[in-house]
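Worksheet: the structure to be examined is printed underneath.
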Amino acid sequence: MPAAIQNAPVQPGQINQSDARVQTLQQPVEVRPITQEQGERIREAPRYDLPPDARVVKRDGDRQILSLGAAAVAGAVAGAAAGYFIRSNDDDRLGVDATERYSERLSSGRTRETIVRPNGVEIVTVTNRYGDVVRRSRITPDGRETVLFFDPYSEDQQRPDYYDDPGRDLPPIRLDIPEDRYVVDVAEPDERLYYDTLVAPPVETVERIYSVDEVRRSNRIRDKVRRIDLATVNFDFASASIAQSQVAKLQDLAEAIKRIVDTDPGESFLIEGHTDAVGSNEANLVLSDKRAEAVAAALSQYFDVPAENLVTQGYGEQELKVNTQAENRENRRVTVRRITALVKPVATSSR
């Protein structure tokens, strides 16, 4: 994407217009109300199928580490050498202080889960038969719906195989901006730098809408947007706890995110957890996922960032910042990206 588009100032209230210059959908996407389909209330916890050829190799609470089969080992899905990928359930993080939670069975093996907050706001999430999130919305007491992410292809029987990386056939990323404006290392909290990095549009064309789980699984698709490596918060060895002395270092990031969300409540941010290379791949995936969850929870608990605007994912040791097999504090980090333009149509972009 030309530097002129990348460097153009993004005016308050015009983030969608900036993203629309990059999100060039070939066909219009119709987003129907998330509650339009009639569901059947269920009492039991939802049960999901494993993806084809997948197996659970480790469980840690509500987290599952999946081995995604031969196709994944061949490199079709991001997930380290063994084709491992960790999945967790963010219902508890979203449901803090909820007054009601219920699930409904939809067609095609899908489930709709609703969390009702004390102020009457509802967070509604639809998952497919495998437990992947295909859409999420916030509904206010007056009935207004804000779409957070939406996969328009979730019921398409012709969509690619589960293991296919949607970025596999894309050419290597090409930057027309300096590397340090694409991968931003933040040693000291800086709200202005956080904000300017997060509101910038993707660095290359977004050809279609991706599911949030496709974004989680595909390193190449995540590379379409800038990232912040949060060097202000590091973790102790084998720990996912944020020291109380470091919580305050998240305030500037929280203020930048809230400033964006206040302008457009439908923005989504990916919080990624990472580890160094010490320990097993499975243990590091769990640890990294807990680190991402800890940062997201702190942003909501201490600084009132809406939990539903944050998506978390652990990547273990597969994306080392410092290429070493030794213990390394820089590798024990969290990365933040704004993924809105990847996971839903912006209002003015459909063609």
Item to check | Residues of the stretch 287-330 that turn out to be over 24 Å from Val133 (Cα atoms) and among the β-branched types (Val, Ile, Thr), as a count | outcome: 2
Next on the checklist: Here are the criteria: (1) over 30 Å from Thr205 (Cα atoms); (2) of a type in the set (Ser, Thr, Tyr); (3) outside any loop (DSSP other than H, G, I, E, B). Tell me which single one Thr335 does not satisfy.
Outcome noted: (1)
Next on the checklist: Could you check the stretch 204-231 and list, in sequence order, the residues that are surrounded by fewer than 21 Cβ atoms within 10 Å (Cβ to Cβ) and touching a Lys or Arg at 6+ places or on another chain (Cβ under 8 Å)?
Outcome noted: Glu204, Arg220, Arg227, Asp229, Ala231
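Taking the stated definitions as given, is Leu342 more than 22 Å from Val96 (Cα to Cα), buried (at least 24 other Cβ atoms within 10 Å of the Cβ) and either under 19 Å from the mean Cα position of the chain (by Cα) or of a type in the set (Lys, Arg) (or both)?
Working: more than 22 Å from Val96 (Cα to Cα): yes; buried (at least 24 other Cβ atoms within 10 Å of the Cβ): yes; either under 19 Å from the mean Cα position of the chain (by Cα) or of a type in the set (Lys, Arg) (or both): yes.
In short, yes.
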Next on the checklist: Among the listed residues Val295, Val311, Val343, identify the single one that is in contact with a helix residue (DSSP H, G or I) (Cβ under 8 Å, 6 or more places away or on another chain), within 20 Å of Pro189 (Cα to Cα), at pLDDT 95 or above and β-branched (Val, Ile, Thr).
Outcome noted: Val295
Checklist entry - What residue, among those in the stretch 196-214 that are over 17 Å from Asp169 (Cα atoms) and hydroxyl-bearing (Ser, Thr, Tyr), is farthest from the chain's Cα centre (by Cα)? => result Thr197
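Residue-by-condition table, conditions (1) free of Cβ contacts under 8 Å to residues at least 40 places away in the same chain; (2) on the phi > 0 side of the Ramachandran plot; (3) in a loop (DSSP other than H, G, I, E, B); (4) of a type in the set (Lys, Arg):
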residue: Leu253; (1), (2), (3), (4): no, no, no, no
residue: Lys258; (1), (2), (3), (4): no, no, no, yes
residue: Val278; (1), (2), (3), (4): no, no, yes, no
residue: Ala292; (1), (2), (3), (4): no, no, no, no
residue: Val295; (1), (2), (3), (4): no, no, no, no
residue: Ser300; (1), (2), (3), (4): no, no, no, no
residue: Gly316; (1), (2), (3), (4): no, yes, yes, no
residue: Lys321; (1), (2), (3), (4): no, no, yes, yes
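Any idea how many residues of the stretch 224-246 are modelled with pLDDT under 95 and either out of contact with any helix residue (DSSP H, G or I) (no Cβ under 6 Å at 6 or more places or on another chain) or not β-branched (Val, Ile, Thr) (or both)?
To start, the set of residues in the stretch 224-246 that are modelled with pLDDT under 95 comprises 229-246.
This time we only want the ones that are either out of contact with any helix residue (DSSP H, G or I) (no Cβ under 6 Å at 6 or more places or on another chain) or not β-branched (Val, Ile, Thr) (or both), so: 229-231, 234-241, 243-246.
Total satisfying the criteria: 15.
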Checklist entry - Out of all the residues in the stretch 12-67, which are closer than 22 Å to Gln313 by Cβ, β-branched (Val, Ile, Thr), out of contact with any Phe, Trp or Tyr (no Cβ under 6 Å at 6 or more places or on another chain) and touching a residue at least 12 places away in the same chain (Cβ under 8 Å)? => result Val57
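Residue-by-condition table, conditions (1) within 26 Å of Val124 (Cα to Cα); (2) touching a Phe, Trp or Tyr at 6+ places or on another chain (Cβ under 8 Å):
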| site | (1), (2) |
| --- | --- |
| Val278 | no, yes |
| Asn284 | no, no |
| Leu299 | yes, no |
| Val305 | yes, no |
| Glu319 | no, no |
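Being among the aliphatic types (A, V, I, L, M), more than 19 Å from the chain's Cα centre (by Cα) and crowded, with 18+ Cβ neighbours inside 10 Å is the filter here, so list the residues in the stretch 117-139 that pass it. Show your work before the answer.
Just the residues of the stretch 117-139 that are among the aliphatic types (A, V, I, L, M), to begin with: 121, 123-124, 126, 133-134, 139.
Pick out the ones that are also more than 19 Å from the chain's Cα centre (by Cα) and you get 121, 139.
Once the filter is applied, which keeps residues that are among the aliphatic types (A, V, I, L, M), more than 19 Å from the chain's Cα centre (by Cα) and crowded, with 18+ Cβ neighbours inside 10 Å, the stretch 117-139 yields only Ile139.
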Next on the checklist: When you scan the stretch 298-306, do you find a residue that is surrounded by fewer than 24 Cβ atoms within 10 Å (Cβ to Cβ), at pLDDT 90 or above and acidic (Asp, Glu), even just one?
Outcome noted: yes
Checklist entry - Name the residues in the stretch 260-276 that are of a type in the set (S, T, N, Q) and part of a helix (DSSP H, G or I), would you? => result Thr263
Checklist entry - Just wondering, is there one or more residues in the stretch 304-322 that are under 22 Å from Thr197 (Cβ atoms), under 12 Å from the mean Cα position of the chain (by Cα) and of a type in the set (Lys, Arg)? => result no
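Can you tell which of Asp142, Asp169, Asp176 is in a loop (DSSP other than H, G, I, E, B), modelled with pLDDT of 95 or more and either surrounded by 17 or more Cβ atoms within 10 Å (Cβ to Cβ) or of a type in the set (D, E, K, R) (or both)?
On the way: Asp169 fails: modelled with pLDDT of 95 or more; Asp176 fails: modelled with pLDDT of 95 or more.
Just a single option satisfies the conditions, and that option is Asp142.
Of the residues Arg337, Arg291, which is touching a strand residue (DSSP E or B) at 6+ places or on another chain (Cβ under 6 Å) and within 25 Å of Phe150 (Cα to Cα)?
On the way: Arg291 fails: within 25 Å of Phe150 (Cα to Cα).
None of the other options fit; the residue is Arg337.
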Next on the checklist: Whether any residue in the stretch 241-257 is surrounded by fewer than 18 Cβ atoms within 10 Å (Cβ to Cβ) and farther than 23 Å from Ala307 by Cα is what I want to check.
Outcome noted: no
Checklist entry - Taking Gln313, is it among the polar types (S, T, N, Q) and closer than 16 Å to Leu148 by Cβ? => result yes
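The values are calculated or read from the model by the stated rules, or taken from the named source; none is laboratory data. Just so we're clear, the structure is a prediction, and the values are computed from it rather than from any experiment. Heads up, the Cβs are rebuilt from the backbone with ideal geometry, glycines too, and the neighbour counts pull from every protein chain shown.
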